[in-house]
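Beneath this line is the structure, given in structure tokens, with notes to follow.
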Ligand code: MN
């Protein structure tokens, strides 16, 4: 059985994170555990012993960008030792549009830093700001961008692909007609799986990395291959981007 991949998961937001971490290791699921602020990353890193399948990413979520902007220097410092960065990005939805300036300062600084350090793997949030995020990626060439829960237009996908972006797809995206239309338009060589737990629910509870099987079931139908082949494609994509 091919290894599963969860390229965007909030392990630190689970009260029983130790149990979830043990489960990830037992099931050997490659998991990118994103964080929403450098202080949370530091605290969590101290709590979790070294794991083989869990990679911690240091980030500053756009929804927290203004309130935690004072942590930006620490984020830029941590990026020296940490090649996984996330969750970062922009959010121009009505609830968060007011902090656009702080969001942009944070993201630009992160992208400039990623480029200066020779490239980083970044898990990017881009809700209602997809074109702006792509502009910044194009301008700063930060490494390997992964567009997490991409929900922009089908028309922008080609540009994202040209810029080297990967797309991490979660169960919620596979349930709506809009999400399904997007998933169908993604080139299979750029698709990863994610859960975004606990923000995505599966059968009435917070999604955990093992729930990427729901995405693989969907991808196998879209790509017209068996689930094992879909899982292998995703694993190979993940392995490729980690080598960069
Ligand atoms: Mn997230």
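Laboratory data are not the source of any read-out in this text; all were calculated from the coordinates shown. Note that the structure is predicted; figures quoted are calculated from it, not measured. Glycine gets a Cβ as well: all are built from the backbone with ideal geometry, and neighbour counts include every protein chain shown.
Please compute the length gained on full extension between residue 52 and residue 228, using 0.36 nm multiplied by the number of residues separating them and subtracting their Cα-Cα distance. Show your work: numbers first, answer last.
Values: separation 176, 0.36 × 176 = 63.36 nm, distance 2.26 nm.
Once the chain is fully extended between residue 52 and residue 228, it gains 61.1 nm.
Note on residue 236 and residue 19: the extension gain reaches 75.4 nm, defined as 0.36 nm multiplied by sequence separation minus the Cα-Cα distance. Highest average first, the peptides 44-50, 18-24, 136-142 ordered by how many other beta carbon atoms sit within 10 Å of their residues are 136-142, 18-24, 44-50. Relative to the current alpha-carbon distance between residue 116 and residue 67, full extension at 0.36 nm per residue lengthens the span by 15.0 nm.
Once the Kirkwood radius over Cα pairs is known for the chain, the Stokes-Einstein relation at 25 °C and 0.890 mPa s delivers a diffusion coefficient of 138 µm²/s.
For each of 223, 149, count neighbouring Cβ atoms within 10 Å of the residue's Cβ, then give the residues from fewest to most. Can you show the working numbers first?
Values: 223 15, 149 21.
With the sparsest Cβ surroundings first, the list reads 223, 149.
Quick one: work out the % antiparallel among DSSP beta bridges in the chain, nearest 5. About 10 percent, rounded to the nearest 5. Each listed q (0.20, 0.21, 0.30 Å⁻¹) maps to a log10 I(q)/I(0) for the range 61-106 from the Debye sum over equal C-alpha point scatterers, namely -0.62, -0.67, -1.10. Evaluated at q = 0.12, 0.19 Å⁻¹, the base-10 log of the normalised Debye intensity for the range 66-206, with identical point scatterers placed on the Cα atoms, takes the values -0.48, -1.18.
What translational diffusion coefficient, to the nearest whole µm²/s, does the range 1-107 have by Stokes-Einstein, given a Kirkwood radius computed over alpha-carbon pairs, a temperature of 4 °C and 1.567 mPa s viscosity?
On the way: Rh = 14.5 Å.
Answer, rounded: 89 µm²/s.
Once both labels are positioned 7 Å from their Cα atoms along Cα-to-Cβ, the gap between residue 185 and residue 1 label points is 3.4 nm. Pair-distance distribution P(r) for the range 168-231, from all Cα-Cα distances in 10 Å bins starting at 0: 24, 56, 20, 0 percent. What FRET efficiency comes out for residue 80 versus residue 213 if R0 is 30 angstrom and r is the Cβ-Cβ distance? Round to the nearest 0.05. Efficiency computed from Cβ-Cβ geometry: 0.25. Protection proxy ranking for 150-162, 84-96, using the average of other Cβ atoms within 10 Å per residue and placing the highest first: 84-96, 150-162.
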